[in-house]
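Trainee: Take this structure, written in structure tokens, and hold onto it; I'll ask about it next.
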Amino acid sequence: MQPFETRQSRNGRPGTLDQPPAREDQFETGNQKAPSPDFRPALFAAYRDLSTLRHDFPLVLGWQRGEAVVRPLSELINEALRAIAPPGANGERLRCEVLTLEENVRGRAAPNTRQRLSDAWKSAEEEVLPASGETGRNELRADLAKAGAALPTDGDLVACDANATADVVIHLWRGAESRKARAFLRRIDRLIHRLRNLLKADAMRTPGAWTPESLQRTMGGAFTDAFDFEAMGKAVRSVTCRDRLPEKRRQRITEALSVLRSQKLFHPDDLSFSDYLFDRYENAIEAHEARLDEIATLLRAIGVAELEINNWYRESVHDGVLKEFNRHSLTPDQLSQFPCPLIVLREVPDADCLARIVKTVASGHPMKVVLVNDDLAESSNLATELASMAIGLNDVFVLQAAASSLGRIAETLSRGLGAERPAFFSFYSGCATHTPLAPPYLLAAAATESRVFPTFSFDPTGREWADQFALAGNPRPEQRWVAHPFTYETDGHQRVSEEVAFTPIDFIGCNRRYDARFETLSSANWTDDMIPASEFIDLPDHERTGRRPYILAVDERNRLWRRIPDEELLRVAAGYSRKWRRLQELGGIHNSHARQLLERERSRWEEANKTAAPPAPETAGNADIDNGATAEARPETGRPASDEPFIETSRCTSCEECIKINNRLFAYNENKQAFIADLNAGTYADLVRAAENCQVSIIHPGQPKNPNEPDLDTLIERAKPFL
Amino acid sequence: MTTCNLIPECCRHSGDDALTVEDYGRALPRWCLGCGDHAILAAVQRFCRDEQLPPEKTVCVSGIGCSSRFPHYMETYGFHGIHGRALPIAEGIKMARPELNVFVSTGDGDCCSIGAAHWIHAIRYNMDMTVLLHDNEIYGLTKKQASPTSPRGLTTNTTPRGSYLNPLNPLSATLGVANVSFVAQAVDWIPDILHEIIRMAYHHKGFSFVRILQRCPAYLPNTFEARVKDPSSVRLLTHEDGLVPTPAIARVYGNQEEHDPLDIHRAREIASVSDPIPVGILYRDPAVPRYEDSFDSDRTDTAETTGTALERELDKITIQASA
Ligand SMILES: Cc1ncc(C[n+]2csc(CCOP(=O)(O)OP(=O)(O)O)c2C)c(N)n1
Ligand code: SF4
Ligand code: SF4
Ligand SMILES: [Mg+2]
């Protein structure tokens, strides 16, 4: 939501600020409770008509490069303009024309209707074209057509209405499922292709493959007259036939092939996945369970195919594993490769159903459960709690957001829908009853802004908590309340500007059901003991005495009032405040552990500095380090203590020289590097010759063992450089 | 590689199937005794054993030269190609069967002379393969002819008065090509480091270029001897994201420099120095896109689709008899 900045309109009669509301006669003077007109939070004053405002609705649900996308209309138009309207004066005319058209298209995206952007664009074009002036008409038509063609995608226009959330979620879910289906079908295709090749290679070893007819087939249509296939058959037959595939193996491959070919879990032509979309949890579970056998059979076939293709199948090992594999063996990872059921619930399920959802989801069945809440005002309503509770299930992707931010959170939403794990999404639609003055978009945004329904996500795949939990999407997440500048005029036409914070009480105040919980006062009745509710909510009891909290509200004529909430509303607001504080901590904001640690460390440091001994003389420290370093760098000789011959095996380059000289004295180890295998199998002369021939000089002949070996003196002399 | 995790990893290979270094060896190498190619072969076989690379999923490709006899000695699939064409052959294999492990052995003549054009484009294509440049600074197979990397002044059968030109630097050349993604240098006489560099090259997903200084005792007995004997003639490039030498190696090869493989500018400076010999990972950028991935279409090429496509192409050049 954009910062609220409003300037009080002067449509009302002068002195509006201090005057009672429209139906004056119903009011008594003083701070009596009034059967109020429709009050709205003062910060809403600027947002009477959203259709003229370029905000992130309507959304366009389109497809780009095979991926489902959800993008605000204004963003698509900006992108088109960037592509076709040059910066500066040249492009200005085009920009103005297109923005006028955009306003018209925006007006067509009415709640509870769905229309393609391209259709709305065409109708809007007709409407904005001038009635007369052929040249002007044609020029404008050409400009608008050009802009229309530059739009990056087409798709349904979605206003922020009661069905917006479900439509967006279903669209992105179809995107995620199509991606998965494409990849899976392609893999199955490849497996089929490879398995067929195995069978084909086998068939080529049968006499049937050498008949003149089949040989002719292998040549294709061309040049058949040039060959004598009869003679070729004879020649081929004379080549020894290699072994055929064992019968059992052939049968296994044939069976796997047939399962892969007849699988019905993915349909290449139907990517609507309507069989997997539910509005009741029970139906989803029933359908899911009915599919488990089919999934297990297909996975078994894939397992066989992969083992066979890689030549890994060992009957002693795999026959057993595959035989025992059934619907009960399926793991969450395996299940998530198949379409994940999407369940869109329109109200908080009862305790029984909730328990079942938790049970399935906690056991890892990759269901995607979406709850769309229309009403948050009830303090006992679990709607604002369920998402934080779901985080506790640990392996579940969780997202909470209001419908107003659907365009901005589309990517996170997509990630959750595509995640190979269960996911729970809690949305607030903004379509509450009893809120006549606030359109759903504004109300949804207000729920986020007031911290009643903050945006947050939890993605268990993150490496650690900071990567898993995100508070992104909330305005000013580091602050307790979001404040905006607010400007109004007093009786005496004096401008007053102040910062006004938006609290849960402001949000609740949008709902007429709670009118009776407010006392509404005109400025004549404002007193010095009143403080903004944003300051009051978190005050401890003893500081509350003698003070009265208020929120600012305007009526239909933009006159300003203070509304005093009752005790109950304050209690509810304090609850939301605490919950927000907890989310902030989870999001690493003003983390109390970190703060306490910092304080402890600081006092420890201060304490230590008071009593610190003078630093040790530098030389002593250096001496220590020197000793360490010398010890570390002391070269390893690697030589045996005696006069035994040896080879620095790890430096051997496998050059064969020594082995060629005597392959019993020298041998290669498991890394193909030489060592002395049997000293008795060779002479000192062999050792010395090898040492001389070894290119990397790693053979050390040591001292002779046999004092009677001929020519010893010369050998000892020759060995010297290698000792 | 597997789409379903139905079969646990441990069940895929049974322990008694474990392959040894010998299982990756085939015929007895016919290289001269003391030839550095033996060390490269041993390092690759040892690496295959360590990773248990399935021989039927591994292809060694080469051109022509002593070094290009490499595929004959590996019990994997092999393709002893034609002179200078190892890389295009390897690219074709990778294109058709991206799941195979592809190793290329090529000599300094094979790669940097007759195959130089293919070399440059192969770097640009950045297809996932491990390329070992066996650089002995000579044409070995044709009995001592000067190669592009022969040092200036070297007397050979083709340069009886000493070669006139400065040698080409394969590292600098590779680092200058667009899309370069992995460049390393090793020497055949430090087997542990050679093995480690081959391991890192294999695990880099892209075109991994490893220049290996390789001894040719038959024709250049003196070129490498001094460098082999003196550990300080080698400078190890170390980094936590690159080569981490074992303490034993670090003690022998004390001449070291810390170098971040992501730093291409420093890599180019290092490449330009040949004494001491820099050994380690000069450059690695895993983010460079691979050519084979850009064709990752939804289509599966079957014999039928290939046949139809071939027919279509051949039809274009078939001369039909007039009616
Ligand atoms: C098209 C062609 N030209 C020339 C030759 C001759 N020839 C064979 S190997 C070789 C050079 C090999 O040198 P190098 O690639 O460095 O391999 P080494 O033998 O050194 O390992 C040449 C020029 C050939 N086989 N084919
Ligand atoms: S001669 Fe030296 S390098 Fe060659 S195999 Fe023997 S020990 Fe290894
Ligand atoms: S000629 Fe050189 S490169 Fe070729 S095998 Fe012999 S030593 Fe190795
Ligand atoms: Mg060479």
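Nothing in this text is a laboratory measurement; each read-out follows from the coordinates by a stated rule. All of these numbers come straight from a predicted model, not from anything done at the bench. Neighbour counts run over all protein chains shown; Cβ positions are idealised from the backbone, glycine included.
Trainee: I want the local charge near A:Gly682. Using Cβ-Cβ distances under 13 Å, sum +1 for each Lys or Arg and -1 for each Asp or Glu among the other residues.
Mentor: Working: positive: A:Lys660, A:Arg664, A:Arg689, A:Lys705; negative: A:Asp678, A:Asp686, A:Glu709.
Charge balance in the 13 Å sphere: +1.
Trainee: Let me ask you something else. Find, among the trypsin sites (Lys or Arg not before Pro) in the stretch A:496-557, those assigned to loop by DSSP (not H, G, I, E, B) with at most 15 other beta-carbon atoms within 10 angstrom. Don't skip to the answer; put the middle values down first.
Mentor: Numbers: sites: A:Arg512, A:Arg513, A:Arg517, A:Arg544, A:Arg547, A:Arg557; in loops: A:Arg547, A:Arg557.
Sparse-neighbourhood loop trypsin sites (Lys or Arg not before Pro): A:Arg547, A:Arg557.
Trainee: Just to check I understand the Karplus step: with θ = phi - 60° and J = 6.51 cos²θ - 1.76 cosθ + 1.60, what whole-Hz values come out for the stretch A:400-411, glycine and proline as x?
Mentor: For the stretch A:400-411, the Karplus curve yields 10, 6, 9, 4, 4, 9, 3, x, 7, 9, 3, 5 Hz.
Trainee: What number comes out for the charge environment of B:Thr106, summing +1 per Lys or Arg and -1 per Asp or Glu over other residues with Cβ under 10 Å away?
Mentor: Details: positive: B:Arg85; negative: B:Asp108, B:Asp110, B:Asp135.
Value of the local net charge: -2.
Trainee: Of the options A:Ala674, A:Phe646, A:Pro721, report the single residue whose Cα projects farthest towards the positive end of the charge dipole of the stretch A:646-722 (beta-carbon charges: Lys, Arg +1; Asp, Glu -1).
Mentor: Most positive-ward Cα: A:Ala674.
Trainee: Something else about it: Applying the Karplus parametrisation 6.51 cos²θ - 1.76 cosθ + 1.60 with θ = phi - 60° to the phi angles of the stretch A:228-238, what ³J(HN,Hα) value in whole Hz is obtained for each residue in order, glycine and proline being reported as x?
Mentor: 9, 5, 4, 5, 4, x, 4, 4, 5, 4, 6
Trainee: Give me the distance between the Cα centres of the stretch B:57-122 and the stretch A:264-332, rounded to whole Å.
Mentor: Going from one Cα centre to the other spans 41 Å.
Trainee: What's the average, rounded to a whole number, of partner chain beta-carbon atoms within 10 Å of each residue's beta-carbon in A:184-197?
Mentor: Values: counts 2, 2, 6, 4, 2, 4, 5, 2, 2, 6, 1, 0, 2, 2.
Averaged over the peptide's residues, the number is 3.
Trainee: Can you tell me the convex hull volume per residue for the stretch A:58-159, based on C-alpha atoms, in Å³ to the nearest whole number?
Mentor: Values: hull volume 9.0 nm³, N = 102.
Taking the convex hull of the Cα positions in the stretch A:58-159, it is 88 Å³ per residue.
Trainee: Could you tell me the largest-minus-smallest coordinate of the C-alpha atoms of the protein assembly as shown on each of the three principal axes, in descending order and whole angstroms?
Mentor: 133, 106, 67
Trainee: Here is a further query. To the nearest whole number, what is the average tally of beta carbon atoms from other chains within 10 Å of the beta carbons of peptide A:309-320?
Mentor: Details: counts 2, 8, 3, 7, 2, 6, 0, 1, 6, 4, 0, 1.
The per-residue average across the peptide is 3.
Trainee: Continuing with the same structure: Compute, for chain A, the length of the dipole vector about the Cα centre, with Cβ point charges of +1 (Lys, Arg) and -1 (Asp, Glu) only. Units Debye, rounded to 20. Numbers along the way, then the final one.
Mentor: Working: 91 positive and 107 negative charges, 320 e Å.
The dipole magnitude comes to about 1540 debye.
Trainee: Can you tell me the order of A:39-46, A:413-420 when each peptide is scored by its average per-residue count of other Cβ atoms within 10 angstrom, highest first?
Mentor: Numbers: A:39-46: 23.2, A:413-420: 21.6.
Per-residue mean Cβ counts within 10 Å order the peptides as A:39-46, A:413-420.
Trainee: Per DSSP H run of at least 4 residues, take -39500 (n - 2.57); add these up for chain A, divide by its residues and hand me the 222 nm value, nearest 500 deg cm²/dmol.
Mentor: Values: 25 runs with 314 residues, N = 723.
Value at 222 nm, helices only, nearest 500: -13500 deg cm²/dmol.
Trainee: Please name which of B:Pro29, A:Pro72, A:Thr683 has its Cα lying farthest along the dipole of the protein assembly as shown towards the positive end, using unit charges on Cβ (Lys, Arg +1; Asp, Glu -1) and the Cα centre as origin.
Mentor: B:Pro29
Trainee: What angle do you read, to the nearest 10 degrees and between 0 and 90, between the alpha-carbon axis of helix A:618-633 and the longest principal axis of chain A?
Mentor: Tilt relative to chain A: about 50 degrees.
Trainee: I've got another one for you. Mind checking the mean number of beta-carbon atoms from other chains within 10 Å of the Cβ atoms in B:33-42? Display every interim value, and only then the final one.
Mentor: Working: counts 9, 9, 5, 4, 3, 8, 8, 2, 2, 9.
Average per residue, whole number: 6.
Trainee: Explain nothing, just compute: Karplus ³J(HN,Hα) = 6.51 cos²θ - 1.76 cosθ + 1.60, θ = phi - 60°, for every residue of the stretch A:338-352 in order, whole Hz, x for Gly and Pro.
Mentor: My calculation for the stretch A:338-352 gives 9, x, 9, x, 10, 10, 9, 9, 9, 8, 4, x, 6, 4, 5 Hz in order.
Trainee: For the pair A:Asp541 and A:Ser603, what calculated FRET efficiency results from E = 1/(1 + (r/R0)^6), where r is the Cβ-Cβ distance and R0 = 45 Å, to the nearest 0.05?
Mentor: My answer for the efficiency is 0.90.
Trainee: Could you sort the peptides A:571-583, A:596-608 by per-residue average Cβ neighbour count (10 Å cutoff), highest mean leading?
Mentor: A:571-583, A:596-608
Trainee: Compute the Cα gyration tensor for the stretch B:57-97, then decide on rounded, prolate or oblate, letting a ≥ b ≥ c be the square roots of its eigenvalues: rounded whenever a/c is under 1.5, prolate when a/b is larger than b/c in the other cases, and oblate in all that remain. Don't skip to the end; give the middle numbers.
Mentor: Values: a/c = 3.46, a/b = 1.18, b/c = 2.95.
Cα axes put the stretch B:57-97 in the oblate bin.
Trainee: Which GluC sites (Glu not before Pro) does the stretch A:294-351 hold that lie in a coil by DSSP with at most 16 other beta carbons within 10 Å?
Mentor: On the way: sites: A:Glu294, A:Glu306, A:Glu308, A:Glu315, A:Glu324, A:Glu347; in loops: A:Glu347.
Here the sparse-neighbourhood loop sites are A:Glu347.
Trainee: Residues with amide H under 5 Å of A:Tyr428's amide H, sequence separation 5 or more or different chain, H placed in the peptide plane at 1.01 Å from N; which?
Mentor: A:Asn373, A:Ala401, A:Ala402, A:Ala403
Trainee: Enumerate the amide H contacts of B:Arg235 below 5 Å, restricted to partners 5 or more residues apart or on another chain; note that Pro and chain-start residues carry no placed amide H.
Mentor: Close amide H contacts, sequence-distant or interchain: B:Ile277, B:Val279.
Trainee: To the nearest 10 degrees, how steeply does helix A:281-309 sit against the main Cα axis of chain A, on a 0 to 90 scale?
Mentor: 20
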